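Single-structure report; data block below.
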Amino acid sequence: KGLESIVLEKSEKLRATGACIIVQPNGWRALHQLGIASKLRQTALPIQSGHYITVKDGKHTDLPVGNGGECRCLRRSDLMKTLAEELPPNTVRLGCKVVSIKVDANTSAYSILHLHDGTMLMPRVIIGCDGVNSVVASIVGLNSSRHFSTCAIRGVTHYQTLHPFGTAFYLFDKDGVRLGLLPINHNDVYWFLTRKLTSTADSMVSKDQRLIKESTVEAIKGFPNHITEMINNSDVDSLHLTDQMRYRAPWDLLRTKFCKGSVTLAGDALHAMAPFLAQGGSASLEDAVVLARCLSQNMGIALDPTGMKAARAALDQYAKERKMRVFWLSLETFVVGTMHDTSALLVRGLCIITQIILFRDKIANTRYDCGRL
């Protein structure tokens, strides 16, 4: 949109933790607006059907995947690389750690970023995209993220010949252990597993990728042989265990403004969601489109030499537009996550009733359109 921006990344390289990201129709609409959808489509197959299988009795149920619109499983590295390649040179500054942020919400002064090398920056707008444990979120006024007592393991398996899953999403369920898999292309399959957290053991396992594989194989005892074989043949370097699946409480999002002065939030820093709906990434792409649009629409405010009035008007507009969208996504994620997380029959029953009343349409959130850039 012609607005100069920089990305401060503390890592020495672009990170892609988590192996892959599921992008649903609403995410593809955002990628189209960002101009990279066609390029990313070349890296991943469309998911055209979904199957839910209970392992104990082998019962199959169709899942509403694919028929609701475009859904693909992208390698995070492909997404990150494609996004970065579209930016002007030197936009992304790697190995750049923010030491402190000074925010003046009451005057027209710029907020100030102090970097580890002594550099001081005074950007017109600061966007906190610093993840589930966001420091910027505390500045804005959001409470700390919370966590479910469920952990998630993710990995990728490469097949020398064609894998047997076609273009379908499979979800296997047995005694509270769920394993899902989605093809990336004809040879690579992304899989994820959720199970109850064993805090001490999982904290140790998460630091060793070979132990992650061993614990996954142990968790899927009784699953079909081809699933066990898939885990055994997975790429060790792709394995990642999240021992605390964090989320923002939906009621916190409802009562918080999302911005303070010239500082706002986007991505997981704003709406951390456990991956039960596979919407965290797509919602973050929506944030990008909406925020850029709001900034560009407000930068022409007259009699605003510092640009601060325009910046605040843009952030207010952004917060207003995103609030209910991220609230409903977060609420549905919270309900689904709580249902899987608890053994209390009453709580599970309340979650089921809430889903029937509020979220009967399982793919309603994928129809959302963030609009034009």
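The values are calculated or read from the model by the stated rules, or taken from the named source; none is laboratory data. In this text the structure is predicted, and so the values were computed from the model without any measurement. FYI the Cβ positions are ideal-geometry reconstructions off the backbone, even for glycines, and counts take in every protein chain you see. To get the accessible areas, we keep the full protein, side chains included, count just its heavy atoms, and leave off ligands, DNA and RNA. Shrake-Rupley method; radii C 1.70, N 1.55, O 1.52, S 1.80 Å.
Hey, what number do you get for the chain at 222 nm if only DSSP H runs of n ≥ 4 count, each worth -39500 (n - 2.57), divided across all residues, to the nearest 500? Write down the numbers at each step before the final one.
Working: 12 runs with 134 residues, N = 373.
Counting only the DSSP helices, I get -11000 deg cm²/dmol.
Once you compute Rg and the Kirkwood Rh from C-alpha atoms, what is the Rg to Rh ratio for the stretch 59-133?
Working: Rg = 19.9 Å, Rh = 16.8 Å.
Computed over Cα atoms, the ratio is 1.19.
Between helix 76-85 and the chain, what is the angle of the helix's C-alpha long axis to the longest principal axis, kept within 0 to 90° and rounded to the nearest 10?
The helix 76-85 is inclined about 30 degrees to the chain.
Computed over the Cα atoms, what is the radius of gyration of the stretch 104-168 divided by 2.2 N^0.38 Å, N being its residue count? Walk me through the intermediate numbers first.
On the way: Rg = 21.3 Å, N = 65, 2.2 N^0.38 = 10.7 Å.
Cα Rg divided by the expected 2.2 N^0.38 Å: 1.98.
Which entry in (i) 21.3, 70; (ii) 21.7, 77; (iii) 22.8, 76 matches Rg and Dmax of the Cα atoms in Å derived from the coordinates of this structure?
The value computed from this structure is option (i).
Work from the charge dipole of the stretch 116-211 (Cβ charges, +1 for Lys and Arg, -1 for Asp and Glu, about the Cα centre) and give the residue of Tyr170, Leu182, Val125 farthest towards its positive end.
Farthest along the dipole direction, towards plus: Tyr170.
Taking the Cα centre of the chain as the origin, how large is its charge dipole in debye, to the nearest 20, when only Lys and Arg (+1) and Asp and Glu (-1) carry charge on their Cβ atoms? Write down the numbers at each step before the final one.
Working: 44 positive and 34 negative charges, 139 e Å.
Taking the Cα centre of the chain as origin, the dipole is about 660 debye.
Using R₀ = 25 Å, calculate the FRET efficiency as 1/(1 + (r/R₀)^6) where r is the Cβ-Cβ separation of Lys10 and Tyr159; round to 0.05. The partial results should precede the final answer.
Working: r = 36 Å, r/R0 = 1.43.
So, using R0 = 25 Å, E works out to roughly 0.10.
For Ala84 and Leu350, what is the calculated FRET efficiency with R₀ set at 45 Å and r taken between the beta-carbons, to the nearest 0.05?
On the way: r = 44 Å, r/R0 = 0.97.
Computed FRET efficiency for Ala84 and Leu350: 0.55.
For the stretch 1-91, what is the largest minus smallest coordinate of the Cα atoms on each principal axis, given in angstrom and ordered from greatest to least?
Projected onto its principal axes, the Cα set of the stretch 1-91 covers 56, 27, 19 Å.
Could you state how much accessible area Lys13 has, in square angstrom rounded to the nearest 10, with a 1.4 Å probe and all protein chains kept in place?
140 Å²
Under a 1.4 angstrom probe, counting protein chains only, how are Arg29, Arg210, Arg367 ranked by accessible area, largest first? Please list the in-between numbers first.
Numbers: Arg29 75, Arg210 165, Arg367 125 Å².
In descending accessible area the options line up as Arg210, Arg367, Arg29.
Semi-axes of the equivalent ellipsoid for the stretch 152-193, please: Cα gyration tensor eigenvalues, times 5, square-rooted, ordered largest first, whole Å. Walk me through the numbers before you get to the answer.
Working: eigenvalues 79, 23, 10 Å².
Semi-axes (√(5λ), whole Å): 20, 11, 7.
In degrees, nearest 10, range 0 to 90: what is the angle between the Cα axis of helix 25-34 and the longest Cα principal axis of the chain?
Rounded to the nearest ten degrees, it is 40.
Heavy-atom accessible area of Val217 with all protein chains present, probe 1.4 Å, nearest 10 Å²?
Roll a 1.4 Å probe over it and Val217 shows about 40 Å².
Take the alpha-carbon centre of the stretch 28-49, take the same for the stretch 267-285, and report the distance between them in whole Å.
Result: 18 Å between the Cα centres.
Nothing charged except the Cβ atoms of Lys and Arg (+1) and of Asp and Glu (-1): what's the magnitude of the dipole of the stretch 88-186 about its Cα centre? Round to the nearest 20 debye. Intermediate results must be reported in sequence, preceding the final value.
Numbers: 8 positive and 5 negative charges, 6 e Å.
It comes to approximately 20 debye.
With every protein chain left in place and a probe of 1.4 Å, what is the accessible surface of Ile227, to the nearest 10 Å²?
About 0 Å², rounded to the nearest 10.
In degrees from 0 to 90, rounded to the nearest 10, what is the angle of the helix 308-341 Cα long axis to the longest principal axis of the chain?
Once rounded, the angle reads 20 degrees.
Within a Cβ distance under 14 Å of Lys362, other residues only, what is the Lys/Arg minus Asp/Glu net charge? Mind dumping the intermediate values first?
Numbers: positive: Arg360, Arg367; negative: Asp62, Glu332, Asp361.
With Lys, Arg at +1 and Asp, Glu at -1, the neighbours total -1.
Nearest 20 debye, what's the magnitude of the dipole of the stretch 198-319 about its Cα centre given +1 on Lys and Arg Cβ and -1 on Asp and Glu Cβ?
Numbers: 12 positive and 14 negative charges, 127 e Å.
So the dipole magnitude of the stretch 198-319 works out to roughly 600 debye.
Return the carbon/sulfur percentage of the accessible area of the chain, one whole number, probe 1.4 Å, all protein chains in place. Don't jump to the answer; show the numbers that get you there.
On the way: 9880 of 18280 Å².
The C+S portion of the solvent-accessible surface of the chain is 54 percent.
Which value, in Å², gives the accessible area per residue of the stretch 238-300 when a 1.4 Å probe is used on the protein heavy atoms? Kindly include the intermediate steps, with their values, before the conclusion.
Values: 1750 Å² over 63 residues.
Counting only protein heavy atoms, the per-residue value for the stretch 238-300 is 28 Å².
Using only the Cα atoms, what convex hull volume per residue in Å³ does the stretch 260-373 have?
Numbers: hull volume 11.6 nm³, N = 114.
It is 101 Å³ per residue.
Work out the charge dipole of the chain with +1 on the Cβ of Lys and Arg and -1 on the Cβ of Asp and Glu about the Cα centre, then indicate which of Thr54, Ser77, Ser134 is farthest towards its positive end.
Looking along the dipole axis, the top candidate is Ser134.
Compare the Cα positions of Leu345, Thr43, Tyr318 along the charge dipole of the chain (+1 at Cβ of Lys, Arg; -1 at Cβ of Asp, Glu; about the Cα centre) and return the one farthest towards the positive end.
Result: Tyr318, furthest along the dipole toward the positive end.
Setting aside same-chain residues fewer than 8 positions from Lys320, which lysines have a Cα under 29 Å from its Cα?
Lys1, Lys102, Lys257, Lys260, Lys309, Lys362
Find the Rg to Rh ratio for the stretch 160-220, where Rh is the Kirkwood radius over alpha-carbon pairs and Rg uses the same atoms. Mind dumping the intermediate values first?
Details: Rg = 13.5 Å, Rh = 13.0 Å.
Ratio of gyration radius to Kirkwood radius: 1.04.
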